[in-house]
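K.L.:
To start, I am sharing the structure in question, which I have written as structure tokens.
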Amino acid sequence: MFQLKNKDKKLLSYLMTVFNMILLVNIIWYLLTFLNTKQVIRLPIVAVLLTLKLATITRFFCLRKKITIPYDDIYNIILYSLSLILIIQINTQQGICYFTNIVFNVLIVMLPLAILYLLPKHLHTILFIALFIATDIISIVMYNTLSYRGTAVTWNDVFGVSTAANMLDGYKPIFTTDMLYSQAILVAMIGYMLLPYLTKNHASNAPKYKSNILVILITIASLFAFHDKILNTDISSYINGKCDTGIIQNLYHMFMVRDIKKPDNYENYLNEYKSYETITTSSSMKPDIIVIMNESFSDMEELQHLKLSNNPLENFDRICAYDSVKSGNTIVPYVGGLTCNTEFEILSGLSNIFFSYGYIPYMECIQNPFYNYVTYFNNIGYDTIAFHPFWSIGWNRSQVYDFVGFHKVIFGEELANMDRIEKWSGDAESNYLAFGDNYEYVRTFISDEQDYEIIKQELDTQSDKPKFIFNVTIQNHGSYRNYSGNPVSNNIKVLSDIEDKESMEQYINLIDLSDDAIADLIEYCSNRKKPTVVCILGDHIPGLQCNRGVGTLEYFKTPYLMYKNYNIPDQDITNEDFSTNYFMLKLLQFAGLPLDKTSEYLKTLNEEYPIIGINSGVYDKKGNKISDYENVLNKYLGLMYYRLFDSQ
């Protein structure tokens, strides 16, 4: 058997160290250069694969000849950390802007990897391989989420997996050619991890407790030292799909910054907050009120400057021109998803702005009843009804609607006279006719026309009390291609040359159907003898690929209108834009209903800061964007803290 001399062993050991260092440098080089191109750069990625191959071959011989590799376990932890980050960044088509951000990302990943390295040799190898495979799959899912929804993945996408599962069948998975490089890296790294078994040098794979514990301590100390800097990272680029600080760092940021903290001077306002549930004025007018959050309802023709064969919002625009109608744009919290966060702002009068990106109040902090606008309507003698023609499991609505105080709640299960499900199992195609064949469906969802027919039935049901109906539609939910069920006729054509025209065309024709349903509902209400108010707004713009990477105020605008079939003498109706936390305030003013003290406070706040949005930003009455909004909104933060965390 061929024997190496000592000097040859040293040379091979040094060669291994050199290849290791070159490999780490190449990975860092790739991460830094990728940001400016948004595509896999051939030279750096080839350099990574080549040096990984050389390092693997050299390590094979070192292990085979039982040559000691200096600091092998420490190097492996760093290599595994960088490789995981590399796979994530390639699959999600993201780069990292600065070397310091790479360091932050590596530190965050290194800590759990170093802890895993303390486990017995066979166990930690299995777990490392499983972790790499899981990371590869999850990062591909993240890219698909970003592509279809237009916004980045959050921790709550895990908690909201049942909601997402309801619609999965309509989305065609995306696998880019660039992802082949990440698969090559994945295979190479698995081979690298298995080298001790291939060479039968199991001793090299045994945990080295002293060095691993040292790595853990250094990593913890470094994270502690840089913790504030990491948490002070501006993650707005990640929010809008243009991550330049590293996905791991941003997910860490969102995990650490969760519930809002008690603000300064909170006790000074506590008695005032407690009084905000009272109503200081009265009104004899108590109309029936309908608030409709229409799924993905937006004016894409204006937003994307599209050229269309016909106007999909012809009826909506006509109704907005009425003298008695208030209209404009609401500024919603998110793009392409998180409908429940728009709901939260409307029903509570509070804002998502003090939460971390992706935080879902419906699923994280609403655990008990609290004062909100449903409470307001209950207190002044209304029957309050919530209606969503889909499964009750989505976004924890079933529980939240009970906590906010609706007297009656109608989900898809109620339409089908079935018990509410606790766990959704199946595919989106099974949604078609799921609630009975006596309802009208568009694709696999109950249509807006059918939705509004059910609202009419509720309005026509005899009652001594006026009614407040809060409705979240489902017809226009994505995806916008390859859907089964009752197809959409593409009567309106997209004449512009845009990315994924097929999806945009189907979306535009869905909006056309919504437009017809809105016109029919308004006509019905105009003929009612009882005073009636109809308010319609979009919950967010659709998750289309052309909306990916958006970040301007325009992309958080959805159209709204407020219509009533009665007149209020000398009422000044002003069209305006405002964020959705003010929506119910504007509704009460439009309907001529008395304001509670919460609304009076919001009225004062709205006069100074008409737009307060977690992603759009805060704007004053002159249209200036306010960067240091924490100070000017400190009292508002206190109200949120009191309602959501203290009074419960």
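The values are calculated or read from the model by the stated rules, or taken from the named source; none is laboratory data. No experiment lies behind these values; they were computed from the predicted model shown. Here the Cβ is made from the backbone with ideal geometry for all residues, glycine too, and neighbour counts use every protein chain on show. Surface accessibility is based on the protein's heavy atoms, side chains included, excluding ligands, DNA and RNA. Shrake-Rupley method; radii C 1.70, N 1.55, O 1.52, S 1.80 Å.
K.L.:
Here are Glu267, Glu272, Glu295, Glu302: which of them is over 26 Å from Asn634 (Cβ atoms), open to solvent by 30 Å² or more (accessible area, probe 1.4 Å) and of a type in the set (Asp, Glu)?
P.N.:
None of the others qualify; the one that does is Glu302.
K.L.:
Against the definition (buried (at least 18 other Cβ atoms within 10 Å of the Cβ), assigned to a helix (DSSP H, G or I) and at pLDDT below 75), how does Ile230 come out, yes or no?
P.N.:
yes
Condition check ((1) under 19 Å from Thr598 (Cα atoms); (2) touching a helix residue (DSSP H, G or I) at 6+ places or on another chain (Cβ under 8 Å); (3) free of Cβ contacts under 8 Å to residues at least 60 places away in the same chain) across all residues:
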position: Ser309; (1), (2), (3): no, no, no
position: Leu313; (1), (2), (3): no, yes, no
position: Asp317; (1), (2), (3): no, no, yes
position: Ser327; (1), (2), (3): no, yes, no
position: Val332; (1), (2), (3): no, yes, no
position: Thr339; (1), (2), (3): no, yes, no
position: Phe370; (1), (2), (3): yes, yes, no
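K.L.:
Which pairs do you get when a residue that is within 25 Å of Asn268 (Cα to Cα), found in the stretch 611-638, comes within reach of a residue that is open to solvent by less than 40 Å² (accessible area, probe 1.4 Å) and small (Gly, Ala, Ser), reach meaning Cβ atoms under 6 angstrom, with the pair 6+ apart or on two chains?
P.N.:
Between residues of the stretch 611-638 that are within 25 Å of Asn268 (Cα to Cα) and residues that are open to solvent by less than 40 Å² (accessible area, probe 1.4 Å) and small (Gly, Ala, Ser), the close pairs are Ile612/Ser351; Ile612/Ser579.
K.L.:
May I ask you to list the residues in the stretch 451-486 that are in a helix (DSSP H, G or I), open to solvent by 30 Å² or more (accessible area, probe 1.4 Å) and of a type outside the set (D, E, K, R)?
P.N.:
Gln457
K.L.:
Identify, by number, the condition in (1) farther than 18 Å from Tyr80 by Cα; (2) at pLDDT 80 or above; (3) β-branched (Val, Ile, Thr) that Thr177 doesn't meet.
P.N.:
Result: Thr177 fails condition (2) only.
K.L.:
Hey, among Leu43, Leu84, Leu63, Leu54, which residue is at pLDDT below 70, closer than 22 Å to Ile126 by Cβ and not in a loop (DSSP other than H, G, I, E, B)?
P.N.:
Going through Leu43, Leu84, Leu63, Leu54 in turn, the sole match is Leu63.
K.L.:
A follow-up question, please. Kindly indicate whether any position in the stretch 541-551 is free of Cβ contacts under 8 Å to residues at least 12 places away in the same chain, more than 18 Å from Ile319 (Cβ to Cβ) and within 21 Å of the chain's Cα centre (by Cα).
P.N.:
Within the stretch 541-551, not a single residue is free of Cβ contacts under 8 Å to residues at least 12 places away in the same chain, more than 18 Å from Ile319 (Cβ to Cβ) and within 21 Å of the chain's Cα centre (by Cα).
K.L.:
Please indicate, with yes or no, whether at least one residue in the stretch 491-508 is open to solvent by 10 Å² or more (accessible area, probe 1.4 Å), over 24 Å from Asp383 (Cβ atoms), basic (Lys, Arg) and part of a helix (DSSP H, G or I).
P.N.:
Yes; the residues of the stretch 491-508 include at least one that is open to solvent by 10 Å² or more (accessible area, probe 1.4 Å), over 24 Å from Asp383 (Cβ atoms), basic (Lys, Arg) and part of a helix (DSSP H, G or I).
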